[in-house]
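Q: Structure in structure tokens, see below.
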Amino acid sequence: MDTLENLRAVAQDPYGYARNIQATESKPILGYFCSYTPEEIITAAGAIPFRLFGTREDISRADAHLQSYCCSLVRGGLEDALTGRLNFLKGAVFPHTCDSIQRLSDIWRLNAGMALHFDAVLPVKLTTESARNYMIAVLNDFRSELEQGLGVTISDEALYKANHTCNRIRELLGHIYAFRSQNPSQLKGSDIYYIMKAAMVMDREVLVEQLAHLWADLREKGGEAPPTDRKRVLLSGGICTLPDIYTLIEDAGGEVVWDDLCTGTRYFEGEVRETGDPVEAIAERYLSRMVCPAKHKGMSVRGEHLSRLVREQQIGGVIFLFLKFCEPHGFDYPYLKACMDRAGVPTLLLEVEEQLPAEGQLRTRFETFIDMLE
Amino acid sequence: MSDPGQGADPEKERRKIKSVQKMKEIMTNYYIEAKGAADTGKKVAWITSGGPVEPLIAMDVIPVYPENHGAMIGASKMGVELCEKAEEMGYPRELCSYARSDIGCSITGGGPIGGLPEPDFLICCNNICGTVMKWYEVASRYYDVPLFILDTPFTHREFPPAAKQYVIDQIYEYIEFLERQCGRKMDYDRMQEVGRLSVEGLRLWQAVLDSGAHKPAPMTAFDAFFHLALIVTLRGTQEAVDYYRQLRDEMQERIEQGIGMVPNEKYRLLWDNLPVWYRTKWLSEKFAAHDACLVGDTYTSAWSGVLPYIDENNFLESMSVAYSQVYINVSLDIMIDTLRRMIDKYDVDGLVMHSNRSCKPYSLGQYDLQRMVMEELKIPTLVLEADMVDERSFSESQIETRIDAFMEILKS
Ligand code: SF4
Ligand code: SF4
Ligand code: SF4
């Protein structure tokens, strides 16, 4: 099986992948929901950080714990935990993010019956010295809790190594993204989606090898393909768990060439310094990388960042994508849209409920939108 | 309300809380002063309800609470119209209705008091939710004024030393921020005095709320919702202390005279979450018609609930730690402890939970709390799905049916 196909297979059945690992290796798997989860520390502890994306199955158990007004990620994640679909997890890690995840952590700890549970209550503002000190302290505490929970020692050497591995993964993902942006006909949008999804669940030691292969393959193929006349689109928002939309956008004459998603560029942006204190280095990446809207780094950073991406990647239109009931993204939307309006970039808003809207309806919306683009 | 045309019913008159008038006066004067700040040269700061207001009082800054404003909007039934304004601007309907209605008000200058006075700067403490941070970012961009964020880590199982240090560091950053904004130094003697008044006010407020433990209760949670405004808005002033002393004394008199707020108090209930501002009267009458009295609530006691953490001799630093421990900045396990204590103290027969669509940190997890209360404490519970300001999320017939059914269980 070629590398891409392998990654695709993992992304299409991440739980199957995890169960297989569990059956054949002794590596513990820890679930997580958010890109502020210090994967480096988990990797250094010899465990696998496994991102959870919620479920697309019917909800049967989570509704007894959650009202109708929480996002589908929180509801779907809990559903999978309660129905035993996540039995391969040794535990879960909750960094502080939004109000809903914060409560999910409690509900999960009280009901999911997992052996381990970690809360890493990271600072919300990322602009001050005291926040930096606090962030480092939280990460150090997490390191000790993890050592205790898993019964291992996390040496500085192991951390350096994990920092290096994760840096390499981010670097390769960055290359692959750039390649796709320049040669959209050589690598499909939905493949980027699968690669990212696989990257967030796979054993990082194995992943780094596979990405290196994939990157070598792509480079060999090179940018020989003729440029397409599809309109260049950027996705901006929270998580994206919907491979179908890449295809739908392509069918409508567009091409997702870049994103500002936490399951996309925000995941691989920034580098962890490989010298000095390894935990401080992890903290510094969080402080310097592009913020998610649940964190604070000044009033205009996200708008400026989006405007820069649009210029750099020659984007014709932006599709805002976030889950219904998501407060952090909902509050930022009018401001980000205004930034795009000022720059003359057309935008489309897609608030996603548990399921995507009917395909026909989406198709029409995308077609109308893409027809508008220059 | 007494029936016009007939003389006032003396029984009803006797049950009315006399301090209400004074409270209205104080709030009116406060808003007049705040709205006239531009003429008096005083600075205006917007601050979140859980935020440390005391340093503002000590610096002679007028604190303005958008959430209190949101409550007024709700109570005057203007919520839907203003929320819709914000929705037209692109703010999703799923966002907190305080934020939506207030944003709507900023743009239109509408609402019950013609909009809030514009802020010179903003103080946001996220001990109540992450929502306020996003909301204040919006305000900071809109009014183009600086924003100070006091980041108070959530307690899941413990509040570690690093978190304590972090909030203490921020108190000094907060004061520096104020000094910069006001162009003068903090007077620490004054600060000490404000701290003392704050603690005194909080104790008196707690004493007012404690009076609900008496049978019959001289006041209900609906009264507490109304009298709460000063402990939020003017905490740390002599005025608040004087007012709550008067109110506490009035409650003591009522207890001595055996005056209960609900004529035939038979069932005692505890309320959880924010009020349904546009339906307080309706709900209060609905419960009273069943001889049920809401004798206490988790919301209005959240402010004084942190008193045990405050050290008067080290007010500033202990305040920052204390305010990090407010009722909704802690895990469900810690919340259930508080609920258990309150259920015991007020000797209640049932728990009424407002599942408030607007407020995720307060409401998500309620179903688990509900289960714990029923299993451990064996008291009946009722969950009402609604929203504090946005009437579109209130279904009268459904809520009525649920209350009636719940009361049947209590009566059987
Ligand atoms: S949007 Fe923010 S809070 Fe949500 S998963 Fe991404 S980084 Fe975490
Ligand atoms: S989608 Fe939004 S509401 Fe849901 S977990 Fe992520 S940040 Fe929170
Ligand atoms: S109602 Fe809840 S979400 Fe809204 S501002 Fe208050 S605490 Fe925050």
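Q: Give me the accessible area of B:Ile32, 1.4 Å probe, in Å² rounded to the nearest 10.
A: 110 Å²
Q: Same structure again: Using modelled amide H (1.01 Å from N, peptide plane; none on Pro or chain starts), what sits under 5 Å from the amide H of A:Lys125, excluding residues fewer than 5 places away?
A: Hits under the 5 Å cutoff: A:His296.
Q: Separate question: Summing +1 for each Lys or Arg and -1 for each Asp or Glu, what net charge is found among the other residues whose Cβ lies under 15 Å from the Cβ of B:Lys42?
A: It works out to a net charge of -2.
Q: Of the trypsin sites (Lys or Arg not before Pro) in region B:241-273, which ones lie in a loop per DSSP and count no more than 15 other C-beta atoms within 10 Å?
A: When the trypsin sites (Lys or Arg not before Pro) of region B:241-273 are filtered for loop state and at most 15 Cβ neighbours within 10 Å, B:Lys266 remain.
Q: What is the Rg over Rh value, at two decimals, for the protein assembly as shown, using alpha-carbon atoms and the Kirkwood definition of Rh?
A: With Rh from the inverse mean 1/r over Cα pairs, Rg/Rh is 0.98.
Q: Sticking with this one: Which residues, if any, in region A:94-109 lose at least 20 square angstrom of accessible heavy-atom surface (probe 1.4 Å) when the other protein chains sit next to their chain rather than the chain being alone?
A: A:Asp99, A:Ser100, A:Gln102, A:Arg103, A:Asp106, A:Ile107, A:Arg109
Q: Additional query: Taking K and R as +1 and D and E as -1, what net charge do the other residues with C-beta under 12 Å from the C-beta of A:Tyr335 add up to?
A: +1
Q: Could you work out the mean projected area of the convex hull around the alpha carbons of region B:18-189, in square nanometres to one decimal?
A: Result: 12.2 nm².
Q: Just to confirm the number: angle between the C-alpha axis of helix B:131-143 and the first principal axis of chain B, 0 to 90 degrees, nearest 10?
A: Here the helix axis deviates by roughly 50 degrees.
Q: Right, next: Could you tell me the accessible area of A:Val279 in Å² (1.4 Å probe, neighbours in place), rounded to the nearest ten?
A: Using a 1.4 Å probe on the heavy atoms, I get roughly 0 Å².
Q: List the residues of region B:144-189 whose accessible area drops by at least 40 Å² when all protein chains are present, compared with their chain alone, using a 1.4 Å probe and counting only protein heavy atoms.
A: B:Ile149, B:Asp151, B:Phe154, B:His156, B:Arg157, B:Ala162, B:Tyr166, B:Glu173
Q: Taking a ≥ b ≥ c as the square roots of the Cα gyration tensor eigenvalues, with a/c under 1.5 meaning rounded and otherwise prolate when a/b beats b/c, else oblate, which class fits region B:106-185?
A: Working: a/c = 3.15, a/b = 1.53, b/c = 2.06.
Oblate, since a/c reaches 1.5 and b/c is not below a/b.
Q: Residues with amide H under 5 Å of A:Gly254's amide H, sequence separation 5 or more or different chain, H placed in the peptide plane at 1.01 Å from N; which?
A: The answer is A:Lys231.
Q: Quick one: putting +1 on the C-beta of Lys and Arg, -1 on the C-beta of Asp and Glu, what dipole do you get for chain A around its Cα centre, in Debye to the nearest 20?
A: For this selection, approximately 440 debye.
Q: Oh, and also: Report the Cα-based extents of region A:46-100 along its three principal axes, largest first, to the nearest Å.
A: Ordered largest first, region A:46-100 gives principal extents of 38, 24, 16 Å.
Q: In addition: Determine the total buried accessible area between chain B and chain A, counting protein heavy atoms only with a 1.4 Å probe; round to the nearest 100 Å².
A: Separately minus together, B and A give about 4400 Å² buried.
Q: Moving on. Compute the long axis of helix B:238-257 from its Cα atoms, compare it with the longest principal axis of the Cα atoms of chain B, and write down the angle in degrees, 0 to 90, nearest 10.
A: 10 degrees
Q: Something else: Filter the trypsin sites (Lys or Arg not before Pro) in region A:17-76 down to the DSSP loop ones having no more than 16 other Cβ atoms within 10 Å, then list what survives.
A: Counting only loop positions with at most 16 other Cβ atoms within 10 Å, the trypsin sites (Lys or Arg not before Pro) in region A:17-76 are A:Arg56, A:Arg61.
Q: Taking all protein chains in place and a 1.4 Å probe, what share, in percent, of the accessible surface of chain A do carbon and sulfur account for?
A: With neighbouring chains kept in place, the figure for chain A is 47 percent.
Q: Next question. Provide the per-residue ³J(HN,Hα) series for region B:324-336, in order, calculated from phi with Karplus coefficients 6.51, -1.76, 1.60 and θ = phi - 60°, each as a whole number of Hz, with x at glycine and proline positions.
A: Coupling constants for region B:324-336: 6, 9, 4, 3, 9, 9, 10, 6, 4, 5, 6, 4, 5 Hz.
Q: State the volume of the convex hull built on the alpha-carbon positions of chain B, expressed per residue in Å³ and rounded to an integer. Let's see the in-between values first.
A: On the way: hull volume 59.4 nm³, N = 412.
Taking only Cα atoms, chain B has a hull volume of 144 Å³ per residue.
Q: While we're looking at this one, here's another question. With a Cα-only, solvent-free Debye model of region B:90-136, what are the log10 I(q)/I(0) values at q = 0.24, 0.33 Å⁻¹?
A: Debye intensities relative to I(0), on a log10 scale: -1.01, -1.20.
Q: Can you list, largest first and rounded to whole Å, the semi-axes you get for region B:280-412 by taking the square root of 5 times each eigenvalue of its Cα gyration tensor?
A: Ellipsoid semi-axes (Å, largest first): 29, 17, 14.
Q: What whole-number value in Å² describes the accessible area per residue of the protein assembly as shown for a 1.4 Å probe?
A: Value returned for the protein assembly as shown: 37 Å² of accessible area per residue.
Q: A follow-up question, please. Which residues of region B:325-368 show a drop of at least 30 Å² in accessible area when all protein chains are present, compared with their chain alone (probe radius 1.4 Å, heavy atoms only, ligands and nucleic acids excluded)?
A: So the qualifying set is B:Leu332, B:Asp333, B:Arg357, B:Lys360, B:Pro361, B:Leu364, B:Tyr367, B:Asp368.
Q: Taking H as built 1.01 Å from N, whose amide H comes closer than 5 Å to the amide H of B:Cys125, not counting residues under 5 places away?
A: Amide H neighbours of B:Cys125: B:Thr48, B:Gly51, B:Leu150.
Q: Then there's this: Using a 1.4 Å probe on the protein chains only, how many percent of the accessible area of region B:18-189 belongs to carbon and sulfur?
A: 50 percent
Q: While we're on this one: Could you pull the accessible area for A:Asp229 with a 1.4 Å probe, rounded to 10 Å²?
A: Counting only protein heavy atoms, A:Asp229 exposes about 140 Å² to solvent.
Q: Sticking with this one: For a bin width of 10 Å, list the pair-distance distribution of region B:1-90 built from all Cα-Cα distances, rounded to whole %.
A: 13, 28, 30, 19, 9, 0
Q: Could you give the angle, 0 to 90 degrees to the nearest 10, between helix B:280-289's Cα long axis and the longest principal axis of the Cα atoms of chain B?
A: Between helix and principal axis, roughly 20 degrees.
Q: Rounded, prolate or oblate for chain A? Axes are the square roots of the Cα gyration tensor eigenvalues, ordered a ≥ b ≥ c, and the cut-off for rounded is a/c under 1.5. Present the calculation step by step, with values, prior to reporting the outcome.
A: Values: a/c = 1.40, a/b = 1.32, b/c = 1.06.
Rounded.
The values are calculated or read from the model by the stated rules, or taken from the named source; none is laboratory data. This is a predicted model, so every value here is computed, not measured. So basically every Cβ, Gly included, is an ideal-geometry build from the backbone, and we count neighbours across all protein chains shown. Side chains are part of the model used for accessible areas, which takes the heavy atoms of the whole protein and leaves out ligands, DNA and RNA. Shrake-Rupley method; radii C 1.70, N 1.55, O 1.52, S 1.80 Å.
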